[in-house]
Amino acid sequence: MTRPRVSVLITAYNRERYIAASIESVLAQTFGDFEVVIVDDQSTDGTLAIARQFERVDSRVRIVVNEHNLGQFRNRNRAASLARGQFLKFHDSDDLMYPHCLEVMVPLLEAHPAAGFGLSNSRAWPGGPVPMLLTPRQSYQREFLGFGLFMGGPAVALFRSNVFEALGGFEDHGTPSDTIFWMRACARYPVVLFPGDLFYYREHPGQALQATGVARQYATLTGHAWRALSAPECPLDAGEREQARRNVAFGTAKGIWQAARGGHFSLAWWRARSSEISPAEWLRYLRPPRRSVLAGTPVGPDGECLVPAWCRSAPPARQHP
């Protein structure tokens, strides 16, 4: 079989209300060189039967059923192991891809061979126009000194298959596993920022973010960030690390205070304990934050954001009266 350029990976568990529209949105892509790998994680509703209907009529659709329930991120790794494409695109079984999604993502990642993967967003990226190629240092600047980069789920990305394999896939830390993955991935590989709003992220009571205990899982992110900022592979310089720690410490203290003020004392305690910030470090780093919308934005010699190649055509010939 000819290797497809893109493997679209749909992991599913009890999504009978949404999976048909989700699959249809992939099959409606204006970019056509892809396969769809659907990995059902032992659904107990009609999810698998609905997916089978698409497999019977479209040869690009391939369905695999796990022998036992793996959970969200282990199932994503399972799906990636089955992919044949040059690129990997995770697509959640309750979301919708807009028809131009792959047609935008694939050429932009191909045009930036240094990038291991590309990221989209639900809105425009701050700081400058896209596509924007970020070094690992710029990615960390944007996350820890700006207003965030590591907040998206797996569906925001298009990966080179060999890069995802080299990263070892997702480590399973529960719902925030994607954020923890971006800390590791962006420290190792350049990333290209795609335009925003390439897919519809559906919010509903049954999604993982709404599950019981998720707030406690997310409380562990501070500890992961604190370790990432201390790791030898952290791409920030010494001064940037100091300010990043201040920003993280302030945000953590704010979260602890908000939980306590709301009467959630157990969560407040857990946030403090999971932060891995020592008493001495609290005294050193608990300072007002300082963030910039331009942090992590590539700039030219003039100090202005870089203009994409499609805006740098030759000026029109002078018109004489």
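The values are calculated or read from the model by the stated rules, or taken from the named source; none is laboratory data. Please read these numbers as outputs of a predicted model, since none were measured by experiment. So basically every Cβ, Gly included, is an ideal-geometry build from the backbone, and we count neighbours across all protein chains shown. Just so you know, the surface numbers come from the protein's heavy atoms only, side chains and all, with ligands and any DNA or RNA stripped out. Shrake-Rupley method; radii C 1.70, N 1.55, O 1.52, S 1.80 Å.
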*Which value, in Å² rounded to 10, gives the accessible area of HIS224 with a 1.4 Å probe and all protein chains present?*
30 Å²
_Taking the full set of protein chains and a 1.4 angstrom probe, give the accessible area of TYR200 in square angstrom, rounded to the nearest 10._
90 Å²
*Excluding ligands and nucleic acids, what accessible area in Å² is computed for THR135 using a 1.4 Å probe, to the nearest 10?*
60 Å²
_Check which residues have an amide H placed less than 5 Å from PHE199's amide H, if you skip close sequence neighbours._
TYR98
*Portion, in percent, of the accessible area of segment 143-268 that falls on carbon or sulfur, probe 1.4 Å*: 56 percent
*Apply 1/(1 + (r/R0)^6) to the Cβ-Cβ distance of ASN14 and LEU294, taking R0 = 51 Å, and write down the FRET efficiency to the nearest 0.05.*
0.75
*Taking H as built 1.01 Å from N, whose amide H comes closer than 5 Å to the amide H of PHE87, not counting residues under 5 places away?*
VAL6, SER7, SER161
*Quantify, in whole percent, the carbon and sulfur part of the accessible surface of segment 34-115 (1.4 Å probe; protein heavy atoms only).*
52 percent
*asked:* Please compute the length gained on full extension between SER59 and TYR200, using 0.36 nm multiplied by the number of residues separating them and subtracting their Cα-Cα distance.
replied: 48.2 nm
